[in-house]
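S.K.: I'd like to ask some things about the structure below.
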Amino acid sequence: MFSVKLRGKSIADLQWFQDDIADHVCSPRYFRYTSIQKKLYSMLQNHEVKLRRISRQDVFKSLVSRFCGFYDPVTDVDCINVIIHKYHFPSIRHWCLWKSELDKKFLIEYHTLKNNLFYCSGCGDKCCRFQARNSNIYYQKCSNNACDFFCKEGSHYATIKKDKY
């Protein structure tokens, strides 16, 4: 494409931009569970929600159109301008890192809702779910073996089991 090899550190991999499953804006699993979006967007203003709804694919398309020379800074306003000028990110790389963290938050909420797993009230680790041997009763205990959190699903209270000395 060029007469001289161009080298530099890439903003993110092509797979990162095209990963629709990891991007919470494009992922079909987040459209099925609208309660996740309501929970994470409930305390935000409209312009903050607009920032969180910029997808990886939109940024990729804007980068490609700028690279190909189809961008006019006088008339065009693309998502890169919005990210840099309106929301004051120092670079697109910083936005990519921020976007990855936001997608991780959505993923944690998705797995919590999907698996119906609790977080331990003592240490904050995710609990493990198991079923009683002869019944359909499910229990959850802390995944950290040093913690004694234990809960029966459907009950209103959780207990901290203490060993008898």
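S.K.: For the pair L117 and H85, what calculated FRET efficiency results from E = 1/(1 + (r/R0)^6), where r is the Cβ-Cβ distance and R0 = 35 Å, to the nearest 0.05?
M.R.: Result of the calculation: an efficiency of 0.30.
S.K.: So how much slack lies between E101 and Q57, counting 0.36 nm per residue of separation and subtracting their Cα-Cα distance, in nm?
M.R.: On the way: separation 44, 0.36 × 44 = 15.84 nm, distance 1.67 nm.
Gain in length upon complete extension: 14.2 nm.
S.K.: On to the next question. Taking 7 Å along the Cα-to-C-beta vector as the label spot, tell me the S42-V64 distance in nanometres, rounded to one decimal.
M.R.: Roughly 3.9 nm, to one decimal.
S.K.: Spin-label point model (7 Å from Cα, Cβ direction): what's the D72 to K50 distance in nm?
M.R.: Label-label distance for D72 and K50, simple model: 2.2 nm.
Taken together, the values in this text are just the output of simple stated rules run on the coordinates, not laboratory data. Worth saying up front: this structure is predicted, and the values here are computed from it rather than measured. Every residue, glycine among them, receives a Cβ derived from its backbone with ideal geometry; neighbour counts consider all protein chains shown.
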